[in-house]
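Read through the structure below, which is laid out as structure tokens, and then see the notes.
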Amino acid sequence: MSLTKRLGKKRGFAKVSFYTRTLADLYVRQGHYSKAVNVFRHLLKKKPGDRDLMAALDAVKAKCIQSDASKSRQPVDLFCRWFDMLNDINRLSKLRRIKQNCRAAVIDAGAGAQTGRLQNEP
């Protein structure tokens, strides 16, 4: 019998039948906070009075909340960055038009000055 069959493969993940503090810590380091919470809860069922496990569970829950908050904030941040970029593009377009108008005015002024000189010369 294969290892995945013995562990009970489900939806691409092997179902873990053993929970250890090391496994929970590994999940935390990898950023799988909800999995770590499940492991800590399972360990607390076996040792309900373990203050170290309770503290670790509370810390992981806090990280899980922070992770969820940052994920929900990402679309807002991206929209704000996109909106700022649109404003920058509009400002650049206006500056380009002003630059073109200034060049045209300088060229017109230069051409007018040259025609004035030609008219005044005998």
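Here is how the numbers come out for the structure above:
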read-out	value
Scope region 15-50; condition of a type outside the set (A, V, I, L, M, F, W, C), in a loop (DSSP other than H, G, I, E, B) and at negative phi; matching residues	LYS15, SER17, TYR19, THR20, HIS32, LYS47, PRO48, GLY49, ASP50
Some residue of region 58-69 being at pLDDT below 85, assigned to a helix (DSSP H, G or I) and among the acidic types (Asp, Glu)	yes
Within region 13-57, considering residues that are of a type in the set (Ser, Thr, Tyr) and loosely packed, with under 11 Cβ neighbours inside 10 Å, the one modelled with the highest pLDDT	THR22
Residue in region 41-59 that is under 31 Å from the mean Cα position of the chain (by Cα) and of a type in the set (Asp, Glu) present	yes
Residue identified as β-branched (Val, Ile, Thr), out of contact with any helix residue (DSSP H, G or I) (no Cβ under 7 Å at 6 or more places or on another chain), more than 30 Å from GLY31 (Cβ to Cβ) and without any contact (Cβ under 8 Å) to a residue 24 or more places away in the chain among ILE65, ILE98	ILE98
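Here's the yes/no breakdown for (1) under 21 Å from the mean Cα position of the chain (by Cα); (2) modelled with pLDDT under 80; (3) more than 30 Å from HIS32 (Cα to Cα); (4) of a type in the set (Ser, Thr, Tyr):
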| site | (1), (2), (3), (4) |
| --- | --- |
| ARG73 | yes, yes, no, no |
| VAL76 | yes, yes, no, no |
| MET85 | yes, no, yes, no |
| ILE89 | no, no, yes, no |
| SER93 | no, no, yes, yes |
| ALA105 | no, no, yes, no |
| ASP108 | no, no, yes, no |
| ALA113 | no, yes, yes, no |
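The values are calculated or read from the model by the stated rules, or taken from the named source; none is laboratory data. Keep in mind that this is a model prediction, so the values were computed, not measured. Cβ atoms come from the backbone with ideal geometry, glycine included; neighbour counts cover every protein chain shown.
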